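Take a look at the structure set out below.
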Amino acid sequence: MKNRFSGCAHGSGRCAARRADPAGVRWAARPSARRLGRAAFAAVTLIALAALSCAAPVPVSFTGELLPVEQVGSTTVRILAFGDQGDAGSAQVATAASMTSIHQTAPFDFALVLGDNFYEVGVSGVDDPQFDTKFRDIYDASILDFPFYVVLGNHDYLGNDQAEYSYVDPDGRWRAPGVAALLPVELSDGYRISVYLVDSEVLVRRDAYADAVAGWVTRMLRSDSSDLRIFACHRPFYSSGMHGDTPELLYYFGRELSSGRIDVVLSGHDHDLELQSRDVDGDSDPELFVVSGAAARSRPITGGTASLFASDSYGFAVLSLSRGSTGITFYDDSASLLYP
């Protein structure tokens with residue numbers, strides 16, 4: 001695994017004896033003998049001793065990956081964003097053809113792949129043929145010849161998630177850095193963008209190292225001096241689709257949103273296309289929440305009061321970012337413009 005962990009070494013390591021908050025670790029207080037009585041205290045002590053190896057006085061630690069800077073030789077960067085694509089069906093093929101058509105007209109610099117990369121149960125290993133049938137054979141490397149930065153979704157975690165991190169693409173395009181990573185982007189005029197790539201399943205499942213992962217991302221956000229900060233993950237912070245909002249992500253990163261440290265959130269999971277505008281931090285410059293989970297599957301959606309756009313079409317999102325401009329467009333599987 002490309003991220004480094006330490007702490008509980010027992011299976012999943014779900015240690016009930018501690019719970020971290022997003023910025024650090026706080027430890028559960030030990031009950032006293034006076035409050036519990038001698039017999040009860042003895043029982044608690046035995047239980048504590050039995051669990052001692054899982055409650056070692058060392059918090060779980062995590063270090064995410066700092067990726068090389070994406071240097072863009074222009075004052076505008078174009079980012080392709082899509083998810084929930086990995087089934088090799090006709091809709092995925094058509095949507096990929098639409099991406100190709102748009103790229104040939106107005107090239108993308110790189111793609112953000114938002115999870116559920118291999119339906120229904122992920123991959124079995126790095127040699128799984130699905131890397132070919134659901135990625136390389138679909139997205140033609142002779143045309144779509146740019147990096148694909150990948151996060152994992154819930155279906156990917158039903159298989160061998162480590163294989164998606166470890167896979168070496170012969171074309172060099174598949175880039176799944178790990179549970180959490182920071183991708184710096186710099187435009188030719190010095191405009192700087194930070195893209196946080198986070199596997200939301202770790203946080204939703206509250207894995208033993210979930211708090212440590214969230215803590216690393218939080219610390220990076222709080223020290224980030226870039227001009228624009230993008231958070232890319234599988235599950236949506238906010239969504240009008242079938243799955244709706246993700247309270248675990250709002251728990252971990254709500255303070256960062258309300259403090260203006262996240263500007264754009266990209267996600268999939270809901271099989272639709274949606275753009276929401278919410279002034280979470282109250283500065284009259286709304287944060288944007290993009291759901292782009294219709295690259296192979298689609299469900300009905302009715303937009304909410306925060307929705308600028310919502311559609312059940314197959315398709316994808318494109319971000320055009322420059323100093324003073326954050327443009328988001330949506331295209332369908334026939335390369336027709338859906339929004340704006």
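Each of 263, 272 has some number of other Cβ atoms within 10 Å of its Cβ, and from fewest to most they run 263, 272.
For the stretch 169-308, the percent of C-alpha pairs falling in each 5 Å distance bin, counted from 0 to the bin holding the largest distance, reads 2, 10, 18, 22, 20, 16, 9, 3, 0, 0. The length gained on full extension between residue 226 and residue 306, counted as 0.36 nm times the residue separation minus their Cα-Cα distance, comes to 26.2 nm. Taking other Cβ atoms within 10 Å as a rough exposure proxy, 242, 99, 220 sort from fewest to most as 242, 220, 99. Shape summary: the stretch 63-339 maps onto an equivalent ellipsoid whose semi-axes, from the alpha-carbon gyration tensor, are 24, 21, 20 Å in decreasing order.
Readers should treat all values here as calculations from the given coordinates under stated rules, not as data from a laboratory. Just so you know, these numbers come straight off a predicted model, no measurement behind them. Cβ: placed from backbone, ideal geometry, glycine included. Neighbour counts: every protein chain shown.
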